[in-house]
Amino acid sequence: MRRSARGHGFILCLLLNMAFRFEWAIAAIILLVVHYWLGWPLFLVWVPLAIWFLYALCITAVLSLANRAGNAPTEERPNRNPYSKTNTDFPYNTDDANNG
């Protein structure tokens, strides 16, 4: 398969993974509201944000590594099938067979 000249889009995949795991951001938003409403410490907002980012980063890194491992080219191996024909197995030239 032909590869494009563009990058693989790690940042785009990271942002997409973060969008799929948006529930951690919702928890951070709720804790931010509680911080302003009840005066809870602000570091409680940063904990779910850090978990959200690090989890999405780890999942994206694993998927990126799996993609690179799956795209490794395979070396050319000889055909060891005893039932397949090769060019030397034909008793005549194919051009001579068509001409008569």
Next on the checklist: Condition (residue is at pLDDT 80 or above and either under 15 Å from A27 (Cα atoms) or among the aromatic types (F, W, Y) (or both)) applied to the range 55-63: is it met by at least one residue?
Outcome noted: yes
Item to check | Whichever residue in the range 25-54 is outside any helix (DSSP H, G or I) and in contact with a helix residue (DSSP H, G or I) (Cβ under 6 Å, 6 or more places away or on another chain) and, among such residues, is surrounded by the fewest Cβ atoms within 10 Å (Cβ to Cβ) | outcome: L42
Checklist entry - Which residue pairs have Cβ atoms closer than 8 Å, lie 6 or more positions apart in sequence or on different chains, and pair a first residue in the range 17-33 that is under 9 Å from F53 (Cα atoms) with a second residue that is modelled with pLDDT under 85 and part of a helix (DSSP H, G or I)? => result M18/A25
Checklist entry - Yes or no: N81 outside any helix (DSSP H, G or I) and modelled with pLDDT under 80? => result yes
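The values are calculated or read from the model by the stated rules, or taken from the named source; none is laboratory data. Predicted, not measured: the structure shown is a model, and the values here were computed from it. Heads up, the Cβs are rebuilt from the backbone with ideal geometry, glycines too, and the neighbour counts pull from every protein chain shown.
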